[in-house]
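Please read the structure below before turning to the comments.
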Amino acid sequence: DAYGRNGQNDDEARRDDDTDEASRVVMETVQCRSEQEIGRVIGRGGSTVERIQAETGTKIQVDSRTLCVDVKGRERDVREAVRIVTLVTQEGFGGSVERVPCTGSEGAVIGPKGARIRAIAKETRARLEVQVSDDGDAECVIRGSP
């Protein structure tokens, strides 16, 4: 492999020795659990991965075969990009996510055979999901563009 420590070639490694710790070039891998998570990271037409790269100044490589997302850049930028990638895999496409407590009202939110939650989703173009925790607390998770 032509790259040494942290995926750097020798010239990059020498330049990094002269800089402070926070600007060191590093690479970190986020292991996704499914093709769906990889799809969330990529986004429609690559829009999500492109946005994360633009916002953080990192280079991101997605391998759908191994379900790995490699993030390369300055150390602090990589930390931020990894945080965002992890959120996207957990929450979705990177749009807004609101969590509204709804304990005791789950049935009213869902409606008969899911009719109400589907109608709300269709009208608002948001994705809605009612999640109940192990302790019985429920929340409505709303995902979409603000």
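The values are calculated or read from the model by the stated rules, or taken from the named source; none is laboratory data. Bear in mind the structure is a predicted one, so any value in this text is a computation, not a measurement. Surface accessibility is based on the protein's heavy atoms, side chains included, excluding ligands, DNA and RNA. Shrake-Rupley method; radii C 1.70, N 1.55, O 1.52, S 1.80 Å.
Output the relative contact order of the range 35-146, whole-number percent, from Cα pairs under 8 angstrom with separation of 6+ residues.
Working: 152 pairs, mean separation 25.0, N = 112.
Computed value for the range 35-146: 22 percent relative contact order.
Round to a whole number: what % of the accessible area of the range 26-142 belongs to carbon and sulfur, probe 1.4 Å? Please list the in-between numbers first.
Working: 3590 of 7230 Å².
The value for the range 26-142 is 50 percent carbon and sulfur by accessible area.
For the range 19-146, restrict the atom set to alpha-carbon positions and state the Rg and Dmax in Å.
Expressed in Å, the Cα Rg and Dmax of the range 19-146 come to 17.8, 62.
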